[in-house]
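A short reminder: the numbers here are calculations on the coordinates, not readings from a lab. This is a predicted model, so every value here is computed, not measured. Positions of Cβ are generated from backbone atoms using ideal geometry, with glycine treated the same way; all protein chains shown enter the neighbour counts.
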Amino acid sequence: MNLNDQIFLAINNLSLLNIGILNFFCIFVALFSPYIYALGLVIVYLSNRKKQALCAFYVALIGLSINFLIGLFYYHPRPFVEGLGNLLIPHAKDSSFPSDHATLAFAISFGFWYAKEKTISIISFIFAIITGYARIFVGVHFPFDIVGSFFVAIVALTLLNAFVAYFSKVSDFLIKLQIRIFNMF
């Protein structure tokens, strides 16, 4: 048994303790974290920090695009496909590496950091770690899937930085478009 499997089982086997609040919390986070992040982006956007929210959105979009490309060329089975651990939520038998949920979470955190929203970045980074833990806890990801997501998010941020002038123009356009649409009503 390799290190990835051992760490996975150490975390996932905690679900067998049947600690109701822990199981509920991890299942909730594992299932609904993308919606929580989407809501957070909307709240930040609507609180007059539009460029900061768009920056985080772009890093997430780039990160998830990288995940898609990785998925085209590399397949790694999920733990339950290999007969490991306890599966607490239903999930497709698609590739586990890297985790889309964790990539989204880390990418948004890094995007806010880049946009100088330090407090939001720290809070979202902590939630990203919790999201990764929850995905392992419920049996749908290995720890290295989460670590891989962390690095994908770093690459996504690096790509945003390389093309920041382009993304800045897109942001300006989207904000002006949004203002015009809202002014029509």
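Worth a mention:
- Paramagnetic reach from ALA92 (point 7 Å along Cα→Cβ, amide N under 20 Å) across the range 70-85: 70-83
- Neighbourhood net charge (14 Å Cβ-Cβ; Lys/Arg +1, Asp/Glu -1) for LEU104: -1
- Cα lying deepest toward the dipole's positive end in the chain, options PHE68, ASN86, CYS55, charges on Cβ: CYS55
- Computed about the Cα centre, the dipole magnitude for the chain is approximately 760 debye when only Lys and Arg (+1) and Asp and Glu (-1) carry charge, each at its Cβ.
- For the range 1-57, the C-alpha radius of gyration divided by 2.2 N^0.38 Å, with N the number of residues, is 1.68.
- Inter-probe distance in nm under a simple model that places probes 7 Å from Cα toward Cβ, at ASN18 and LEU72: 4.7 nm
- At least 24 Å along the helix axis (C-alpha) and Kyte average at least 0.5, DSSP helices within the chain: 20-46, 50-73, 118-137, 143-162, 164-183
- Fewest neighbouring Cβ atoms within 10 Å first, the residues THR131, THR158, THR119, THR103 line up as THR119, THR158, THR131, THR103.
- Sorted by Cβ density within 10 Å, fewest first, the residues PHE32, PHE137: PHE32, PHE137
- As a rough footprinting exposure proxy, the listed residues HIS101, HIS141 were ranked by other beta carbons within 10 Å of their own, and the order from fewest upward is HIS101, HIS141.
- When the alpha-carbon atoms of the chain are used, the pair Rg, Dmax equals 17.8, 62 angstrom.
- Straight Cα distances below 26 angstrom link LYS50 to the lysines LYS116, LYS118, LYS169, LYS176, with same-chain residues fewer than 8 positions distant left out.
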